[in-house]
Amino acid sequence: MTLVLYDGSCPLCTREIAMYRRLEGAASIEWLDVSKIPEEDIPLGLSREDARSRFYVVRSDGSAVIGAAAFVELWKAFPKLQFLTRFTDRAPAQAILELMYRLFLYARPAL
């Protein structure tokens, strides 16, 4: 099962995760709000700060995908979003997505 780590203390992040959870395919994903569990229970040996500072998806084989690439990995689970991966699952597009994601992270506190 795919595991999504998200920051439930971030209102914008919570709204986005709520949108994903309503989509077909969401039942195959485990959603873990890292702001509500003991730090020692956060997967991958991450600190709470690290887990809240980036978006993480843990594949069923235990490997982790981080940042913009994690969103692309997540979209694969949703039939209605899989079309996005045709364009974004390549190096040039992922570099652009990662840049946009880092800009969002910079602006996130103000949002």
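General remarks:
- Condition check for PRO38 on (1) surrounded by 10 or more Cβ atoms within 10 Å (Cβ to Cβ); (2) more than 12 Å from the chain's Cα centre (by Cα); (3) not aromatic (Phe, Trp, Tyr): one failure, at (1).
- All positions within the range 65-92 that are touching a Phe, Trp or Tyr at 6+ places or on another chain (Cβ under 6 Å) and of a type outside the set (Val, Ile, Thr): GLY67, ALA68, ALA70, LEU81, LEU84
- Within the range 9-29, if we keep just the residues that are open to solvent by less than 30 Å² (accessible area, probe 1.4 Å) and at pLDDT 95 or above, the residue that is nearest to GLY67 (Cα to Cα) turns out to be ILE17.
- Residue list for the range 31-49, filter: among the acidic types (Asp, Glu) and either touching a helix residue (DSSP H, G or I) at 6+ places or on another chain (Cβ under 7 Å) or within 10 Å of LEU5 (Cβ to Cβ) (or both): ASP33, GLU39
- Pick from the range 76-111, criterion closer than 22 Å to SER9 by Cα and hydroxyl-bearing (Ser, Thr, Tyr), ranking: surrounded by the most Cβ atoms within 10 Å (Cβ to Cβ): TYR101
- Flag if GLY67 is closer than 24 Å to ALA26 by Cα and loosely packed, with under 10 Cβ neighbours inside 10 Å: no
The values are calculated or read from the model by the stated rules, or taken from the named source; none is laboratory data. Keep in mind that what you see is a predicted model, and the values were worked out from it rather than measured. Here the Cβ is made from the backbone with ideal geometry for all residues, glycine too, and neighbour counts use every protein chain on show. The protein model used for the area step is the full one, side chains on, heavy atoms only, and it has no ligands, DNA or RNA in it. Shrake-Rupley method; radii C 1.70, N 1.55, O 1.52, S 1.80 Å.
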